[in-house]
Every structure is written in C-alpha cells, then in structure tokens.
Amino acid sequence: MPTDIIRKYFPDLTTRQQEQMEALDELYHDWNAKINVISRKDIDQLYEHHVLHSLAIAKAIHFRPGTRILDFGTGGGFPGIPLAILFPDCEFKLIDGTGKKIRVAQEISQAIGLTNCHPEHLRGEDEKGLFHFVVSRAVMPLPDLVKIVRKNIIRQQRGGKNDSVANALPNGILCLKGGDLQAETQPFRNLIETTDISTFFQEEWFKGKNVIYLPIN
C-alpha cells in the first residue's frame, strides 16, 4: 500500500485516519492533472516527499486538543492537510495567495471529510486571526515570515490568564526547511531549535531537511 510508509512511523492511526490518508493518493493525482500543485516527477512520491514530510512537524510536537494552527502558504494543502488528519481535535486554517492552489486544498479536505481544516484564498498580510502555532513548508526566508505572522501568534503571559493550550512547546513558528540555513536563522540564533528530520525518518530523502522551531513571545 502507498500508505505503508505513513503507518511505519504512525502505527496508531485510527481506521478513519487510515482511510483519509489512503484517499489522498487518488485525489492528488486527479487534481494535479488539472492544477499543477506538485511537480509531475514528484507526484508518485506523494507519501514520502509530501505527506510524511509534512508529518515531521508531528514528531517535533504533539499538538494538544484545542490547539489552533495556521498553515501559511499551504499550496495544495501541505503541511496542513496531513496534520489535520493526524490531529482531529485541533483546528487548522490553511491560507495561500494563489487561488488555484487553495482550491485543490479545499476540494481534497472536503472530499475526505476534514471538518477541522479550513483552506482560504488569502495572503498572509491579510490574515487577522490568532493562532497558537504557524506552520509552513519552505515558503520564504524565516525573517520575512516572522515579520508577517508575528501578529497572528497568541502571546503567552507568564503567571497570568491567557488563551493558551498547554502544549509542550511555547507558541511559535514551525517550518520545514532544507539546505544551508545559517543566514536566515542567524537573527534568531539564541532562540531557534533546528532538528534534522532524519532523526525521525530513516529514508535517504530526508537527510539535510529540518524542522525549525521558533518561539514567539
């Protein structure tokens, strides 16, 4: 089964979650033929290069029920749709400035019955909502991303009441990025945490790819 690689690392999926994961194969192949959101040469590696890659964030943090997450620049629904399948008790808003791409995310999330996933055609600068975490996949350099989404992250107040879910990590940004990150992480060098995804997944493709976590206070 194409989803064997997902079950390898996430063996506790419910029957419903397995069905939703399995449905992605046909849906993305079908939609990608109409609207190119995944490169033609990469679509056959959907589960390793896109679904499992997205789920690296779930190895870095297990979102608690009630957590609100913004997927910035989701394209056709990554990492938001796989994460929304895995965390049905969390709320995900997926935004992208390209209407054709967000339509794919809308159609696929609806087709698999994701009630906690809300794709919207919207630029990040125009997003007004508040979220515990912002996730993204190689959308833009980190300093540029921080400038745009800082306004959308719920601040945690020390010793006082706040609108915060008790996640293991403080509210902030989680990005999937590869390559040499020294220049773009330099401004945040005392705060940022970089984890090589190959510590989670053993496939060769993940070497040199990272989960970047930056708390926002």
Going from the fewest other Cβ atoms within 10 Å to the most, one would list ARG40, ARG137 as ARG40, ARG137
Return the sequence-ordered ³J(HN,Hα) values of region 59-71 in whole Hz as given by the Karplus equation 6.51 cos²θ - 1.76 cosθ + 1.60 applied to θ = phi - 60°, using x for Gly and Pro. 7, 7, 8, 9, 4, 7, x, x, 5, 10, 10, 9, 9
What lysines could a cross-link reach from LYS147, if we take a straight Cα to Cα line under 22 Å and drop same-chain neighbours fewer than 8 places away? LYS93, LYS128, LYS177
I need the shape label for the chain. Rule: rounded when a/c is under 1.5, else prolate if a/b > b/c, else oblate, with a, b, c from the alpha carbon gyration tensor. rounded
Show the residues, 5+ positions off or on another chain, whose built amide H is closer than 5 Å to the amide H of LEU122. ASP96, GLY97
In sequence order, calculated HN-Hα J values of region 120-131 (Karplus, 6.51, -1.76, 1.60; Hz; x Gly/Pro): 9, 6, 7, 7, x, 5, 9, 6, 9, x, 10, 9
Charge dipole of region 1-123 about the Cα centre (unit charges at C-beta), most positive-ward option of GLY73, VAL37, TYR9: GLY73
Hey, how much of the P(r) for region 17-123 falls beyond 25 Å, as a percent of Cα pairs? 11
Below 19 Å, Cα to Cα, which aspartates and glutamates can LYS207 reach? Residues fewer than 8 away in the same chain don't count. ASP42, GLU48, ASP180, GLU193, ASP196
What order do you get for TYR213, TYR9, TYR28 when you list them from fewest to most C-beta neighbours inside 10 Å? TYR9, TYR213, TYR28
Any chance you could check the Cα centroid distance between region 181-213 and region 62-96 for me, in angstrom? 20
Kirkwood hydrodynamic radius of region 82-141, Cα pairs, Å: 12.3
Which of ILE154, ILE95 has the fewest other C-beta atoms within 10 Å, and how do the rest follow up to the most? ILE154, ILE95
Could you list which residues have their amide H under 5 Å from that of ASP71, counting only those 5 or more apart in sequence or on another chain, with H placed in the peptide plane? LYS93, LEU94, ILE95, VAL135
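With +1 on the Cβ of every Lys and Arg and -1 on the Cβ of every Asp and Glu, and nothing else charged, how large is the dipole of the chain about its Cα centre, in debye rounded to the nearest 20?
800
Only the coordinates and a few stated rules stand behind these numbers; no lab work does. All values reported here derive from a predicted model rather than from experimental measurement. Cβ sites come from the backbone with ideal geometry, for glycine too, and all protein chains shown count toward neighbours.
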